[in-house]
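The block underneath contains the structure these notes are about, expressed in structure tokens.
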Amino acid sequence: MRRLEGPASWGLRASTILRAVVAVAGCALLVAWSEGAAAEDGPAEARRVLREAGLQEVEGRWLLPAEKRLLARFRAADDWLRDAQEADRQLAARAEPQRRIQNERERLTARRQQLQEALAERSSDELERQLRQVESRLEALAREQISPTAHVELPEVRAATIRSIGHWQRLLVLKSTAGRRTLELQRRYEALSADERVRAALQTLDAGERLGSGEAFDRWRDKLAGIGADRDKRWPVYRENGRWRCGLILSEKYATTVTIFADDEQQPYPLWLPASVLQAADIEIPAEARYLTLNLPDGRRVSTRVLRFGYLRLGPHQVGGAEVLALSPDDEDLGGQITLEFLKRSGLRLDVSHLPAIVAR
């Protein structure tokens, strides 16, 4: 005979059914969560792949850090040019009163000579009066005029000269390296474009056409090509602690400042650069570079390595075949120096009569 189910049996069945329903629902939730997590992990994984490839996300595009830095320099070039030209205008304005004084002195000196010659031939009260006026004016002008050396040592003149040198050097380095840097970037982006993992990651992010900035580098290079073309060939120098200082560009990629050492043909002095400058310029000392020990006038012995540069640049002036001594880190305090005799052999000269003082051909 079939046994009837009582309330206790009904409760057991209900409990079993409930657990089954919960289990099914839990599985469904787990599947839904897993699918959602996978959807979220897709973009996250794609970004990780791109970052491992050396890329950075900038406004929805994926750039190499080298391009970010180059674009920042390109965009700063207008400011550098404007500031360089403004510094040059300040220097010209500061020099103009002294130029007027010098021009008037030269004119009056010639006039005094004429009057003296005329008086030597015949006595004349009028000529003597004119001569006294000329000499009085020359004395007044002499009091107003300052020497070119004193002029460049004026704080405002020194500051404007340093700004001019600094900005022009930044522009010249950027101008000379822009082509090489953009070519290197192009090659690296081509390699990244051929990387299947990078392509897949960009597609996951719907950024297939967003590798690199998309900037037209030719436009920047063309713009830089014209910078400085209308500037004269005079490279300003300044005085600091009683010494002449000038800007120097190494291997077209690093700008520094060096002291101009006053040597001569009978006692020529070497060019040298500190280890920190060479390191910053990414210039390695070849293993075969010969050693040379210098005996300085104060008795100090300085150990150096002999380097040869294809050329150096002093602003617009390119100097080829330069032999430079690399100082050791222990002699960092000597700083960098270039010499008058080196300038002369390179067809250059230090003109301290100019306002401001310059290196020129």
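One line per residue, one yes/no per condition, for (1) touching a His at 6+ places or on another chain (Cβ under 8 Å); (2) open to solvent by less than 60 Å² (accessible area, probe 1.4 Å); (3) closer than 19 Å to Asp351 by Cβ:
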site: Ala201; (1), (2), (3): no, yes, no
site: Tyr238; (1), (2), (3): no, yes, yes
site: Val258; (1), (2), (3): no, yes, yes
site: Phe261; (1), (2), (3): no, yes, yes
site: Trp272; (1), (2), (3): no, yes, no
site: Ala287; (1), (2), (3): no, no, no
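Could you check, for the stretch 147-161, whether at least one of its residues is in contact with a helix residue (DSSP H, G or I) (Cβ under 8 Å, 6 or more places away or on another chain) and not in a helix (DSSP H, G or I)?
Within the stretch 147-161 (the criterion being in contact with a helix residue (DSSP H, G or I) (Cβ under 8 Å, 6 or more places away or on another chain) and not in a helix (DSSP H, G or I)), the answer is yes, since at least one residue qualifies.
With respect to Arg129, is the statement that it is over 22 Å from Ala95 (Cβ atoms), of a type in the set (Lys, Arg) and open to solvent by 90 Å² or more (accessible area, probe 1.4 Å) true?
Yes; evaluated as a whole, the condition is true for this residue.
Are there any pairs, at least 6 apart or on different chains, whose C-beta atoms fall under 9 Å, with the first in the stretch 279-291 and among the small types (Gly, Ala, Ser) and the second loosely packed, with under 13 Cβ neighbours inside 10 Å and not in a helix (DSSP H, G or I), and if so, which?
Ala289/Arg308
Suppose we filter Arg61, Arg112, Arg100, Arg47 for residues that are out of contact with any Pro (no Cβ under 8 Å at 6 or more places or on another chain), open to solvent by 90 Å² or more (accessible area, probe 1.4 Å) and not polar (S, T, N, Q); which single one remains? Please lay out each step first, then the result.
Values: Arg61 fails: open to solvent by 90 Å² or more (accessible area, probe 1.4 Å); Arg112 fails: open to solvent by 90 Å² or more (accessible area, probe 1.4 Å); Arg47 fails: open to solvent by 90 Å² or more (accessible area, probe 1.4 Å).
On inspection, the qualifying residue turns out to be Arg100.
Looking at the stretch 210-229, can you tell me whether even one residue there is within 28 Å of Leu174 (Cβ to Cβ), charged (D, E, K, R), modelled with pLDDT under 90 and over 22 Å from the mean Cα position of the chain (by Cα)?
There is at least one residue in the stretch 210-229 that is within 28 Å of Leu174 (Cβ to Cβ), charged (D, E, K, R), modelled with pLDDT under 90 and over 22 Å from the mean Cα position of the chain (by Cα).
Name, by its number, the condition in (1) open to solvent by less than 50 Å² (accessible area, probe 1.4 Å); (2) assigned to a helix (DSSP H, G or I); (3) closer than 24 Å to Arg158 by Cα that does not hold for Glu341.
Tallying (1) open to solvent by less than 50 Å² (accessible area, probe 1.4 Å); (2) assigned to a helix (DSSP H, G or I); (3) closer than 24 Å to Arg158 by Cα, Glu341 fails exactly one: (3).
Looking for whichever is within 28 Å of Asp232 (Cα to Cα), within 36 Å of the chain's Cα centre (by Cα) and assigned to a helix (DSSP H, G or I) here; the options are Arg73, Arg48, Arg69. Which one fits?
Just one listed residue meets the conditions, Arg73.
Conditions tested, residue by residue: (1) in contact with a Leu (Cβ under 7 Å, 6 or more places away or on another chain); (2) small (Gly, Ala, Ser); (3) loosely packed, with under 13 Cβ neighbours inside 10 Å; (4) not in a helix (DSSP H, G or I).
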residue: Glu139; (1), (2), (3), (4): no, no, yes, no
residue: Ala142; (1), (2), (3), (4): no, yes, yes, no
residue: Arg170; (1), (2), (3), (4): no, no, no, no
residue: Val173; (1), (2), (3), (4): no, no, no, no
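Any idea how many residues of the stretch 289-304 are open to solvent by less than 70 Å² (accessible area, probe 1.4 Å), in a loop (DSSP other than H, G, I, E, B), within 30 Å of Val352 (Cβ to Cβ) and not aliphatic (A, V, I, L, M)?
Result for the stretch 289-304: 1.
Which residues, taken from the stretch 317-353, are among the polar types (S, T, N, Q), farther than 21 Å from Trp168 by Cα and without any contact (Cβ under 8 Å) to a residue 60 or more places away in the chain?
Ser328, Ser346
Does Asp333 satisfy the criteria of being more than 19 Å from the chain's Cα centre (by Cα), of a type in the set (D, E, K, R) and open to solvent by 30 Å² or more (accessible area, probe 1.4 Å)? First the steps, then the outcome.
Details: more than 19 Å from the chain's Cα centre (by Cα): yes; of a type in the set (D, E, K, R): yes; open to solvent by 30 Å² or more (accessible area, probe 1.4 Å): yes.
Yes, satisfied.
Being modelled with pLDDT of 95 or more and either hydrophobic (A, V, I, L, M, F, W, C) or more than 30 Å from Lys253 (Cβ to Cβ) (or both): is that true of Ala150 here? Even if it seems obvious, please write down each step before you answer.
Values: modelled with pLDDT of 95 or more: no; either hydrophobic (A, V, I, L, M, F, W, C) or more than 30 Å from Lys253 (Cβ to Cβ) (or both): yes.
No.
Looking at (1) within 30 Å of Ser193 (Cα to Cα); (2) touching a residue at least 12 places away in the same chain (Cβ under 8 Å), which one does Gln90 not meet, given that it meets all the others?
(1)
The values are calculated or read from the model by the stated rules, or taken from the named source; none is laboratory data. Just so it is clear, the structure is predicted and the values come from calculations on it, not from any experiment. Neighbour counts are summed over all protein chains in view; Cβ atoms, including those assigned to glycine, are modelled from backbone coordinates with ideal geometry. Side chains included, ligands, DNA and RNA excluded: accessible areas come from the protein's heavy atoms. Shrake-Rupley method; radii C 1.70, N 1.55, O 1.52, S 1.80 Å.
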